[in-house]
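These notes are about the structure you will find just below.
All of the numbers you see were taken from the coordinates with simple rules; none came from a lab. Nothing here was measured: the structure is a model prediction, and the numbers come from that model. Neighbour counts are summed over all protein chains in view; Cβ atoms, including those assigned to glycine, are modelled from backbone coordinates with ideal geometry.
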Amino acid sequence: MATAPVNTNIRVDLYRGDGTAGGTRSLDPNFFGLEPNVALMHQVVTAQLAAARSGTQNTKTRAEVRGGGAKPWRQKGTGRARQGSSRAPHWAGGGVALGPKPRSYKQRTPKKMVSLALRSALSDRAAQGRIALVESWSFDGPRTKDAVKLLSSLGVAGKVLVVINRDDDNATLSFRNLPEVKLILSSELNAYDVLCSDWVLFTEATLPGGSTAGTGSAPAATTEAAVPAQAAPTEASLTTAPAAAEAPTDEPGAAAAGPDEEDDQ
């Protein structure tokens, strides 16, 4: 699975909350500049849809249906085929052979595969120019008319996936009544919802990887700054330092006198 970006210069128009143009922004190529992995996206989406199945279907076997305890007719002499129970699978009202039972349809999908599938889906939408970006929501209150006006100003049509944060209450209440708009938290963004949408609308706060033009992160601390600075020497320390250096030491040979004395004894 190749994860190296193939397009490192991806720019998108930036709009203000009222729909007016506000410049352009560069998107993170690790999220929006990959070559889409179609096979991986198919596997992850299939696993996601399988995990959504309830798995509560249940059929009764011949041991679980009611009745059928007595032999329908005697073994021989009737001219009919021998039968042992009226609840066998080939009888009306009988049990079901090899029918579905409650089970889990979940498939194991590594986190790296889920992450790469999401980035592949975002890269596919970015390659088609279907990523919209606003600085922040500017809704004074919950009003659907303002949401429609914003989408019209952005030139967004069709199915739109709006990525929000938990505290974007006005945006949530403004967009939720629009039938072609689906709201999703930035922490729950997934490949399936991205692929099912014609447009993906982000704010700078919910944009994966952040924007690299004008909103760059603070530079990392240098090694020198990480080392705590030593306190400047005071007059007291300067006056006591020579005294400590001139402290009397043991006479040379005193420590060696012990073994010599033991030898003399």
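Would you please state which residues of the stretch 180-195 a label at Thr109 would reach in this model, taking the label point 7 Å out along Cα→Cβ and a backbone N cut-off of under 15 Å? Residues passing the 15 Å test: 188-195. For chymotrypsin sites (Phe, Trp or Tyr not before Pro), the sites in the stretch 64-172 that DSSP calls loop and that have at most 14 other Cβ atoms within 10 Å are Trp73, Tyr105. What's the FRET efficiency of Leu178 with Lys101 using the Cβ-Cβ distance as r and R₀ = 35 Å, to the nearest 0.05? The computed FRET efficiency comes out at 0.25. Taking the charge dipole of the stretch 1-59 about its Cα centre, with +1 at Lys and Arg Cβ atoms and -1 at Asp and Glu Cβ atoms, the residue from Thr8, Ser54, Leu40 reaching farthest to the positive side is Ser54.
Sparse packing (at most 12 other Cβ atoms within 10 Å of the Cβ) combined with a DSSP loop state is found for the following trypsin sites (Lys or Arg not before Pro) in the stretch 111-195: Arg166. Per-residue extension of 0.36 nm, minus the Cα-Cα distance of Ala63 and Asp169, leaves a gain of 32.7 nm for this segment.
According to the Kirkwood relation over distinct C-alpha pairs, the hydrodynamic radius of the stretch 52-139 is 19.1 Å.
Could you tell me what a quarter of the Cα convex hull surface of the stretch 1-90 works out to, in nm² with one decimal place?
On the way: hull surface 55.8 nm².
Convex hull of Cα atoms, orientation-averaged projection: 13.9 nm².
Annotation: amide H-H contacts under 5 Å for Ile10 (H modelled 1.01 Å from N, sequence separation of 5 or more, or interchain): Leu27.
Amide H to amide H distances under 5 Å link Leu133 with Tyr15, Phe202, where only residues 5 or more positions off or on other chains count and H is placed in the peptide plane.
For the stretch 158-207, the dipole from Cβ point charges (+1 on Lys and Arg, -1 on Asp and Glu) about the Cα centre works out to 140 debye, to the nearest 20. Simple rule: put +1 on each Lys or Arg Cβ and -1 on each Asp or Glu Cβ in the stretch 137-177, find the dipole, and look at Pro142, Asn177, Val163; the Cα lying farthest toward the positive end is Asn177. Amide H to amide H, with H built 1.01 Å from N, Arg62 comes under 5 Å of Gly95, Val96, counting only residues 5 or more places away or on other chains. Annotation for the stretch 1-62 versus the stretch 70-136: alpha-carbon center distance of 26 Å. Evaluating 6.51 cos²θ - 1.76 cosθ + 1.60 at θ = phi - 60° for every residue in the stretch 158-173, the Karplus couplings come out as x, 6, 10, 9, 9, 9, 10, 9, 5, 8, 8, 5, 5, 5, 4, 6 Hz, glycine and proline recorded as x.
Provide the net charge surrounding Gly17, with neighbours chosen by a C-beta distance below 12 Å and charges set as Lys +1, Arg +1, Asp -1, Glu -1. Could the numbers behind the result be given before it?
Details: positive: Arg16, Lys149; negative: Asp18, Glu135, Asp140, Asp146, Asp168, Glu204.
In short, -4.
Using R0 = 30 Å, the C-beta based FRET efficiency linking Lys149 and Ala205 works out to 0.90.
Over 29 Å between C-alpha atoms is what I'm after, so list which of Lys112/Lys182; Lys111/Lys182; Lys101/Lys159; Lys106/Lys145 land there. Could the numbers behind the result be given before it?
Working: Lys112/Lys182 25 Å; Lys111/Lys182 24 Å; Lys101/Lys159 37 Å; Lys106/Lys145 41 Å.
Those over the limit are Lys101/Lys159; Lys106/Lys145.
Distance between the modelled labels on Ser54 and Gln75, one decimal in nanometres: 4.6 nm (7 Å Cα→Cβ projection).
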